[in-house]
Amino acid sequence: MSATAAVADALARQAGGTASAAFGLDCVEVSAQRWLTALQAARDQHRLGYFDWLGGVDEAPEGFAVVIHLAELSSCRHLLLRTRVPRSAPVLSSAVGLFAGAAWHERETAEMYGVVFEGHPQPTPLLLGEDFDGHPLRKDFVLASRVAMPWPGTAEPGGGTARQGRRPPRPPGVPDAGEWGPTSAPGTGR
Amino acid sequence: MGTDVGARDRQVSAPEVPPAVPARSRGVIALLADNCTSCMICARECPDWCIHIDSHTEVEPAEREGGRPRSHYVLDRFAIDFALCMYCGICIEVCPFDALYWAPEHGYSARDVGDLTHERDRLGEWMGAVVLPPDEDPVR
């Protein structure tokens with residue numbers, strides 16, 4: 001067992017989570033309630049005091065995962081901690097009190113996925129404008145410019161568009177103009 | 001030993017001296033138009049929507065008496081907009097007829113973003129820069 005795997009196991013025991021490894025990186029999964037407990041144990045007891053990054057993953061339809069990468073620089077030990085929040089109430093305690101550097105990462109995760117970090121000292125958008133509507137990295141976020149833009153795949157081999165009676169091919173992930181956008185019927189949009 | 005602070009300034013680099021890039025660099029996507037059947041698979045799989053294909057159908061008369069005329073697609077336009085391309089290589093992977101190749105050529109910057117759309121002639125020229133893949137690893 002590697003040194004990091006031992007740390008991951010110890011952390012999992014302390015925070016009531018589970019440890020796993022994938023692609024050579026150990027990961028500790030904890031519940032959202034034990035998130036700060038696990039982070040504090042990682043920082044104070046396992047000396048993983050270097051905050052690298054924090055990010056989100058849209059695990060539709062269940063909810064969102066929040067992942068943090070912590071390291072101990074002198075020995076290059078590093079691991080991930082992951083927690084999950086439900087889609088209906090994506091709320092998690094802010095880690096800024098433990099890792100000040102997480103402030104920007106949490107602001108970005110908040111605006112991109114709509115995860116609320118409770119106790120964040122400055123819960124404003126980091127990259128998006130104040131009036132931006134929606135959370136662009138959610139899988140159900142519609143790319144509006146793609147609805148408006150002609151898709152090069154509309155053309156059929158041999159020229160023209162789909163033959164009569166055949167359904168024209170549609171670009172993946174882009175709703176039909178009738179289903180979404182200014183020309184769609186009211187109430188059918190996002 | 002002290003640090004040579006001027007070394008960086010004296011370095012001669014691109015564009016005066018072309019940089020050495022690995023043979024299998026994802027520099028540009030080259031087109032072997034003879035292999036293209038205008039099937040549209042690459043244009044539809046492209047996540048960036050940067051491949052534009054126009055084609056038409058040509059019908060050849062039956063080869064013998066009572067036979068059926070055969071139609072085939074003729075490629076009119078094949079263009080890649082390298083302003084949008086993110087060099088993922090999906091088009092090369094999905095092409096069923098090996099009409100697209102990676103080439104290490106990279107010196108094709110343009111002042112105007114519109115000039116980064118390259119048509120089949122230019123894409124075809126880059127075929128000359130395509131490097132043969134290395135031999136497969138020996139089976140252990």
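The values are calculated or read from the model by the stated rules, or taken from the named source; none is laboratory data. Only a predicted model underlies this, so the values are computations on that prediction, with no experimental measurement involved. A quick note on method: Cβ atoms are made from the backbone with ideal geometry, for glycine too, and the neighbour counts reach across all protein chains shown.
Among residues belonging to region B:24-41 that are assigned to a loop (DSSP other than H, G, I, E, B) and in contact with a Leu (Cβ under 9 Å, 6 or more places away or on another chain), point out the one that is surrounded by the most Cβ atoms within 10 Å (Cβ to Cβ).
B:Ser38
Check B:Arg44 against each of (1) of a type in the set (Lys, Arg); (2) surrounded by 18 or more Cβ atoms within 10 Å (Cβ to Cβ); (3) part of a loop (DSSP other than H, G, I, E, B) and name the one condition it does not meet. Tallying (1) of a type in the set (Lys, Arg); (2) surrounded by 18 or more Cβ atoms within 10 Å (Cβ to Cβ); (3) part of a loop (DSSP other than H, G, I, E, B), B:Arg44 fails exactly one: (3). Residues in region A:34-52 that are closer than 15 Å to A:Phe117 by Cβ and free of Cβ contacts under 8 Å to residues at least 60 places away in the same chain: A:Phe51 alone. Could we say that B:Ser13 is over 28 Å from B:Ala103 (Cβ atoms), of a type in the set (S, T, N, Q) and either surrounded by fewer than 14 Cβ atoms within 10 Å (Cβ to Cβ) or more than 9 Å from chain A (Cβ to nearest Cβ) (or both) here? Answer is no for this residue. Residues in region A:102-156 that are more than 14 Å from chain B (Cβ to nearest Cβ), touching a strand residue (DSSP E or B) at 6+ places or on another chain (Cβ under 6 Å) and closer than 30 Å to A:Arg166 by Cβ: A:Lys139 only. Residues in region A:156-177 that are at pLDDT 70 or above and farther than 30 Å from B:His72 by Cβ: A:Gly173, A:Val174, A:Pro175, A:Asp176. With respect to the conditions (1) buried (at least 17 other Cβ atoms within 10 Å of the Cβ); (2) at positive phi, A:Gly24 lacks only one, and its number is (1). Once region A:152-168 is narrowed to residues that are among the small types (Gly, Ala, Ser) and more than 11 Å from B:Ile53 (Cα to Cα), the residue that is nearest to the chain's Cα centre (by Cα) is A:Ala162. For region A:44-64, state whether one or more residues are surrounded by 19 or more Cβ atoms within 10 Å (Cβ to Cβ) and within 15 Å of A:Val7 (Cβ to Cβ). Yes, there is a match, as at least one residue in region A:44-64 is surrounded by 19 or more Cβ atoms within 10 Å (Cβ to Cβ) and within 15 Å of A:Val7 (Cβ to Cβ). When B:Ala79, B:Ala103 are checked against the criterion of being touching a Phe, Trp or Tyr at 6+ places or on another chain (Cβ under 9 Å) and buried (at least 17 other Cβ atoms within 10 Å of the Cβ), B:Ala103 stands alone in meeting it.
Within region B:76-84, can one find any residue that is within 12 Å of chain A (Cβ to nearest Cβ), more than 20 Å from A:Pro171 (Cα to Cα) and part of a strand (DSSP E or B)? Yes, that holds for at least one residue.
Checking the condition within 23 Å of A:Pro123 (Cβ to Cβ), aliphatic (A, V, I, L, M) and surrounded by 14 or more Cβ atoms within 10 Å (Cβ to Cβ), which residue from A:Ala5, A:Ala15, A:Ala102, A:Ala19 passes?
Result: A:Ala102 is the single residue among A:Ala5, A:Ala15, A:Ala102, A:Ala19 that is within 23 Å of A:Pro123 (Cβ to Cβ), aliphatic (A, V, I, L, M) and surrounded by 14 or more Cβ atoms within 10 Å (Cβ to Cβ).
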